[in-house]
Structure formats: C-alpha cells, structure tokens
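Below is one structure, written out as structure tokens; the observations come after it.
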Amino acid sequence: MFNFRVDDNVFDKFFANRNSLIIQFHNGDISKREFIEEHYHFMQRLNLKPFKNGIDSFEKGIYNYQYYNMYAKYCYMKSKDRKLIEKHPKVAREYGRKAGYYYHQKDKSTLKLLEYIDFKNVEAYYIKVKSKVLRNKLYEIVLKDYDNIILHSKSEYMLKRLKEEGVFKNEVRKSLIDSYINTKY
C-alpha cells in the first residue's frame, strides 16, 4: 500500500498566494476578475486535487472549499463571456454546467469542514448584496477561531444544518468582505 502525504510546504504556498491575492485586491492592484483568474491558475499549477477521502485537518478542509469555490467562479465567469457565448455557445453552456457542479462540491466541502470543527465558534447570517438574485439567499459563515476565514453559500441544506446547530442568526448584515462580494466580475 502506498502512503501519500501532502507536504506542509504545499499549504504554505497555497495560503501565502491566497493572502497575497487578497491584499492585491484590497489595495486595488487587481480586479475581482483578475483575482479569480490568478487564483484559478495558481491552483492548477499547484496540481493538488481536492481531498476525497474525508478531511483530517483544517487546512485540507479549507483547501477543498477554496479549490471548488475558485473553479466554480472561474467556470461561471467563462459561461457569461459574451465572445465565448457568440462563438462557442456549447462550450459556454458546458462552463455553466461545470460551475453548478463545482458550487455543489464546494457546499459539500463546507459542510465537511464545519463538521470537522464541530461547528465551534461558527457564526452565520444573511448578507446585504446588490444582486437581486442573491438577496435573502446568500449567507456568510464566519469561522471565528481562524483569521480571514469567511465562507459563503446559498445552499438550502446547509442553511438548514446551520440552523439545527444553532449557529445561524436570522438577520441581514454587511459582509465582512463586502467590497469583494458586491463587485461584479
């Protein structure tokens, strides 16, 4: 039997790159679109697939969330590209299908991460959004024991579970990362 161990250095690179992109976005050096593209391409170069056999560390859980979230956003962005829609409508539709798949995987990963930390010091609530489509659907999940770990979802089954665990506040707040959330890409 083969033992596969992820080098801690991989997570160091991943989190360092993520933090660098966040700083660049907040400083106005890159747009949201560039943030998504850079994060997506970095994850491809990292060549580390999501962990399928459950998670046994916070790092693996957040990596899975970020992996699926970035792939979903990238595919969604491509599916809305006018030039691609005009020239290759089937390809654009396939990107849309993939975005849905990745968002679903992201939500499953989020739930596994929350279960791993046993929903401890987690707070969730709806967020104020400019998008009418996302209003009263998109919520924020804050992992208070970790710096800058702010997750988002509109999953009904996860919302139900957050309420069951007593961590969802039925109120609307400004997102902790409002400038990112309410910027179109």
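Of note:
- Normalised alpha carbon radius of gyration of the chain [divisor 2.2 N^0.38 Å]: 1.05
- Long-range amide H partners of TYR125 with built H, under 5 Å: GLU140, LYS169
- The distance linking segment 27-47 with segment 99-142 is 21 Å (Cα centroid to Cα centroid, whole angstrom).
- For HIS39, HIS26, order by how many other beta-carbon atoms lie within 10 Å, fewest first: HIS26, HIS39
- Cross-link pairs exceeding 29 Å in C-alpha to C-alpha distance, out of LYS52/LYS83; LYS32/LYS83; LYS80/LYS106; LYS13/LYS132; LYS108/LYS144, comprise LYS52/LYS83; LYS13/LYS132.
- Cβ-to-Cβ counts within 10 Å put THR110, THR183 in ascending order as THR183, THR110, the fewest first.
- Across segment 48-54, coupling constants 3J(HN,Hα) worked out from phi with the 6.51/-1.76/1.60 Karplus curve, θ = phi - 60°, read 10, 6, x, 7, 8, 8, x Hz, and Gly and Pro carry x.
- Among beta bridges identified by DSSP and lying wholly in the chain, the antiparallel ones come to about 70 percent.
- Low-density loop positions, chymotrypsin sites (Phe, Trp or Tyr not before Pro), segment 1-107 - DSSP coil, at most 14 other Cβ in 10 Å: PHE2, PHE4
- Phi angles across segment 79-94 convert, under the Karplus curve 6.51 cos²θ - 1.76 cosθ + 1.60 with θ = phi - 60°, into 3J(HN,Hα) values of 5, 9, 5, 4, 4, 5, 4, 5, 7, 9, x, 5, 5, 4, 5, 5 Hz, Gly and Pro given as x.
- Ranking of ASP81, ASP107, ASP29 by neighbouring Cβ atoms within 10 Å, starting from the fewest: ASP29, ASP81, ASP107.
- Across segment 104-120, coupling constants 3J(HN,Hα) worked out from phi with the 6.51/-1.76/1.60 Karplus curve, θ = phi - 60°, read 5, 5, 4, 5, 5, 5, 4, 4, 5, 5, 5, 5, 4, 8, 6, 6, 7 Hz, and Gly and Pro carry x.
Quick note: the coordinates plus some simple rules give every number you see, no bench work behind them. What you see is a predicted model; the values in this text were computed from it and never measured. Note that we place each Cβ from the backbone using ideal geometry, even for glycine, and neighbour counts take in every protein chain shown.
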